[in-house]
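What follows is a short report on a single structure.
The values are calculated or read from the model by the stated rules, or taken from the named source; none is laboratory data. A quick note: this is a predicted structure, and the numbers were derived from the prediction, not measured. Counting neighbours? That spans all protein chains shown, and the Cβs are built from the backbone with ideal geometry, glycine included.
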């Protein structure tokens with residue numbers, strides 16, 4: 001508690017200096033934003049463009065990391081806010097829900113499933129599931145959908161059933177190579193991959209087929225979190241507005 005109070009006092013002092021430096025513009029100055037690995041590559045290109053156009057005086061200082069590390073950085077004041085996926089431990093942060101993002105299955109285009117229009121988690125049970133490494137919250141989301149793969153993810157026999165990749169993009173390449181199937185968040189699906197085959201450009205990756213889930217799809221809730229002691233409320237509001245100005249295809253926006 002003493003450490004936390006000391007951090008709060010230091011942050012308030014820093015805020016006073018920052019307010020004096022910003023003068024009349026509450027948005028002036030960088031915003032230190034953390035993003036988990038399975039959101040950053042798909043949201044940041046559009047988000048950075050939106051913030052440059054909307055609030056050029058508030059550049060984003062970006063930090064990609066695991067959820068656990070971002071929570072620690074928030075607590076220590078190393079970043080101002082973070083975009084993460086629930087659930088995560090309640091650390092007394094302020095939370096603003098952003099959107100619910102469904103998952104899709106990614107299968108090799110040569111797989112019999114590629115001819116289907118949708119899929120169920122039951123059908124995936126007999127497949128080689130490619131997983132992210134330990135520490136990625138998206139790995140836990142996949143195991144919630146297909147819990148039977150949990151027993152393969154930590155022992156030697158698992159080499160036959162699950163492979164650990166360092167990133168979603170790496171795993172998608174492994175799917176293209178025919179090594180197995182995986183789940184991807186909706187924003188991680190290339191736009192061209194959902195077009196009818198005749199409309200796809202020839203230089204696009206055509207080796208992966210993305211399938212929606214039949215019925216209610218598994219999904220994750222993406223939120224914006226910040227310390228309650230962080231006083232740049234206008235900056236948080238501007239960031240949320242910039243996120244909602246992004247295209248965000250296939251997700252359910254929350255306000």
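In the stretch 225-245, what count of residues is obtained for those that are closer than 18 Å to residue 48 by Cβ, crowded, with 20+ Cβ neighbours inside 10 Å and under 17 Å from the mean Cα position of the chain (by Cα)?
3
When the residues of the stretch 59-70 are filtered to those that are touching a helix residue (DSSP H, G or I) at 6+ places or on another chain (Cβ under 6 Å) and not in a helix (DSSP H, G or I), which remaining residue is surrounded by the most Cβ atoms within 10 Å (Cβ to Cβ)?
Applying the filter and picking the extreme gives 60.
Considering each residue of the stretch 71-109, count those that are over 21 Å from residue 244 (Cα atoms) and outside any loop (DSSP other than H, G, I, E, B), and give that number.
Residues that pass the stated criteria total 11.
Which of the following residues is at pLDDT 85 or above and within 24 Å of the chain's Cα centre (by Cα): 127, 72?
It is 72.
Just the residues that are assigned to a helix (DSSP H, G or I) and touching a residue at least 12 places away in the same chain (Cβ under 8 Å), please, taken from the stretch 36-54.
40, 41, 42, 43, 44, 46, 47, 48, 50, 51, 54
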